[in-house]
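K.L.:
Questions regarding the structure given below will be posed in turn.
The values are calculated or read from the model by the stated rules, or taken from the named source; none is laboratory data. A quick note: this is a predicted structure, and the numbers were derived from the prediction, not measured. A quick note on method: Cβ atoms are made from the backbone with ideal geometry, for glycine too, and the neighbour counts reach across all protein chains shown. Side chains included, ligands, DNA and RNA excluded: accessible areas come from the protein's heavy atoms. Shrake-Rupley method; radii C 1.70, N 1.55, O 1.52, S 1.80 Å.
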Amino acid sequence: HFMYDTGLLEELKDVILGKQSQAEERAGGFTDWTDRIIERATRRPGRALWREMKSDAALAFAGGQSPGAQTLQAFLGAFSAANAVPKKVHLVGHSTGGILHAHLVEALAAAKTKLRIASVSLLAPAATNELFERAFVPHLRAGTFGLDEMHVYNLTDRVEQDDDVGKVYRKSLLYLVSRAFEEVIDPPAPLVGMQRYCEQYEELRPDRLFFHYGDGRSTARDRTKSTTHGGFDNDPATMNSVLKTVLGGSGVKRRFTRASLDY
C-alpha cells in the first residue's frame, strides 16, 4: 500500500470555521452568499494548502530517486522476476488520492513497463480535468501498458450542493476547491469528481470508463449510495462495487457492511 493521508479536510475545516462568524455577519445568513464569502476569505490559506498537497503528490514520483519511484521499481522488479507469480494491480483512491494515482500512472507509463493496471477506481476524485485527460485517458486502451477499466464514483450535482464542509460551507469540498483553491478559478476549475464537469467523458471509452453517481434516491442496484463527499469509503454499496471490480463477481466471499465500515 501507498499510505497517503494529507489531513486536508481537517485543516480546511479549521480555516473555514475561523471565517464562520465573519461570513454570517456579512451575508445575513443567506446560504449562497455565505458560501461566496467563505470562498473569498479562505482563498489564500486554502490555496497554499492545496498547492502544497498537489506538489507532494507530484514529488512522490518525480525522478528516479523519489520514494514513490523507488517503490514502483521495487514492485516492477519483483513482478518481472523469473519465479514471480503473476499479479494483478488495482488502484483505488478517494478524493486527493485521485491526484496521487494520476502521478503514479504517469510514472509507470514513463518506466515503459509491460505491466497493465487491471482497474482504477476513483471515489469523488479531486483531480482537475486537465490532469485526468493527461494521466488517465491516454491509457484507457489496449496495448503493452494501459488501464483495463476505470470506475469513477461521484455525487450528482444536486447532492453535491446539499453537502457541506464543517457545517459552515454549504456545498461539497470539491465545490470549494473548484471555486477557491485551484490556481485558476474564474471560471471555476473543472474537476473530474464533479458531475457538471465529467459528463463529457461518459461516452469517451464506453467499454473501459464508467461513471457511477450517488443521487440520494438509492436503489438496490446502485453502485454507490454515498450522499457526501467524505462518505464514499464508508458506504457499503460503493466499497462492495470496488470489491467486485477487484475480485470479480464470483470472487467476493465477504461483503462490506455498514458495521464493518463504521470507523
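K.L.:
At 1.4 Å probe size, with the rest of the protein present, what percent of the exposed accessible area of the stretch 200-263 is carbon and sulfur atoms?
P.N.:
Whole-percent figure for carbon plus sulfur exposure: 48.
K.L.:
Oh, and also: Just the number please: accessible area per residue for the stretch 57-129, 1.4 Å probe, all protein chains included, in Å².
P.N.:
It amounts to 44 Å² per residue over the stretch 57-129.
K.L.:
Relative contact order, percent, of the stretch 73-187 when contacts are C-alpha pairs under 8 Å separated by at least 6 residues?
P.N.:
21 percent
K.L.:
Work out how far the C-alpha atoms of the chain reach from end to end along every principal axis, then list the three figures in whole Å, largest first.
P.N.:
Principal extents (largest minus smallest coordinate, Cα): 68, 45, 35 Å.
K.L.:
So for each of 38-47, 202-211 I average, over its residues, the number of other beta carbons within 10 Å; can you give me the resulting order with the highest mean first?
P.N.:
38-47, 202-211
K.L.:
Give me the percent relative contact order of the chain, please, defined on Cα pairs under 8 angstrom at least 6 residues apart.
P.N.:
In percent, rounded to a whole number, it is 16.
K.L.:
Report relative contact order for the stretch 93-160 in percent, whole number only (criteria: Cα-Cα under 8 Å, sequence separation at least 6).
P.N.:
So the answer I get is 39 percent.
K.L.:
Ranked highest first by the average count of other Cβ atoms within 10 Å around their residues, in what order do 113-125, 250-262 fall?
P.N.:
Ranked by mean Cβ neighbours within 10 Å, highest first: 113-125, 250-262.
K.L.:
Calculate the length of the line joining the C-alpha centroid of the stretch 121-142 to that of the stretch 65-99, in whole Å.
P.N.:
18 Å
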